[in-house]
Amino acid sequence: MLLHKQTGLFLLLVTMAATVFGQKDLPVDKKATTQTIHLYQNLRKLPAKGFMFGHQDDLAYGVGWKYIPGKSDIKEVTGDYPAVYGWELGRIELDNPANLDSVPFDKMKQFIGDGYARGGIITISWHLNNPLTGKTAWQPAPGTVAAILPGGEKHELYKSWLDKIAAFMLSLKGKNGEYIPVIFRPFHELNGDWFWWGGKNCTPEEIKQLYRFTENYLRDEKNVHNLLYAFNTDRFASKEAYLERYPGDEWVDIIGFDIYQGNSIRKNETFIQEFDKTLTTLEGIAIERNKIPVLTEFGFNGLPDSTWWTKVFLKTLETHHIAYVLAWRNAGTKSQTQFEYYVPYKGQASEKDFVQFYKSEKTLFQKDVAKEKIYH
Ligand code: BMA
């Protein structure tokens, strides 16, 4: 406990020093737009206050509903929207009108505009298809990353995909014509073997090169300057393991990891221990490298434990200092035997506990974050 308090104090001092000395307090893109710089600077300050709550696809659908203007499972339960909105661009590379989870890109742009107008934060992931085989992100093939690097047989194809990402990012504008800042999180969970860009499917050097190429291309070739770059692994065992595929401090603004609790309520203690230890390691790396620590994805599918929010999730996070957490999507029923949701909806078993979680001083939702004026 004492150790955590010291870590918190240290983090606060580092943040204050960075603000006083100004220099270090800028995103890696030296041409970042004013709003993007402000987002970055405010994200750096937030961990001293609490953490923002985020939800993937929050405004598009929830359990038992789709595309109802203004609706959100989080809002139904708490009366407030999340502070962070996650969106996903998978299939934009194929010119599909909708992403891999059936969210039409034109609606997504609208939702992004709505969230931003309320003072919320936007983060975007990309489960891009395998550019070598044309199969999905989850179907690795040997040599895929090498094939899209400069000189590779699919390099031009990959660049044409990035052109579509750039066009999407540059189409996001606020009401005064300013670009909407986005926390872009390409090649997520890159220490796992399940995506073609991850784990044993390429060498650490290859994925580092791909990360750098991607950023370089978007920023310097396509002039996209409304992005902060988030690097993230899945759960990890040590600092060394975390940094094995890290492209370097000059390429990354935000660092995080994804973690899901298994489907057994008995695993609470095991989960708490692992979550706590991993957060401590992440915070250590963030201090050392002057990066913003966040939880890029989390969830306990189906939320079978009615007090999970306060007794497991908040209990662990209370002693840590990160800028935000992003719960994954409330897809609802996917087939007769499959369902997927990570935040409560009206009537769900953990609804009351989530309201307690919402009321905690440590959690920041839409109303709290609007007061922070993140883009000013
Ligand atoms: C996964 C699941 C899938 C989804 C994918 C991309 O974790 O939610 O149903 O297609 O993320 O959003």
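Every number in this text was worked out from the coordinates using simple rules, so none of it is lab data. Because the structure is a prediction, the values reported are computed rather than measured. Backbone-built Cβ (ideal geometry, glycine too); neighbour counts: all protein chains shown.
Tabulated results
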item	result
Sequence of PHE213, PHE184 once ranked by neighbouring C-beta atoms within 10 Å, starting from the fewest	PHE213, PHE184
Added length on full extension, which subtracts the Cα-Cα distance from 0.36 nm per residue, ALA141 to ARG212	23.4 nm
Listed residue pairs exceeding 27 Å between alpha carbons, taken from LYS277/LYS362; LYS75/LYS173; LYS66/LYS173; LYS175/LYS222; LYS239/LYS352; LYS239/LYS373	LYS239/LYS352; LYS239/LYS373
Estimated dipole of the range 49-183 in Debye, rounded to 20 [Cβ of Lys and Arg +1, of Asp and Glu -1, Cα centre]	160
Shape of the chain, Cα gyration tensor, a/c cut at 1.5	rounded
Mean separation of Cα contacts under 8 Å, 6 or more apart, over the residue count of the chain: relative contact order %	24
VAL355 versus ARG118: modelled label distance in nm, points set 7 Å from Cα along the beta carbon direction	1.9
Residue-averaged [θ]222 nm for the chain, counting only DSSP H segments that reach four residues, each worth -39500 (n - 2.57)	-10500 deg cm²/dmol
Charge-dipole axis of the chain as Lys and Arg at +1 and Asp and Glu at -1 on Cβ define it, positive-most pick from LEU26, PHE168, ALA117	ALA117
Order of ASP57, ASP220, ASP101 under a 10 Å beta carbon neighbour criterion, fewest first	ASP220, ASP101, ASP57
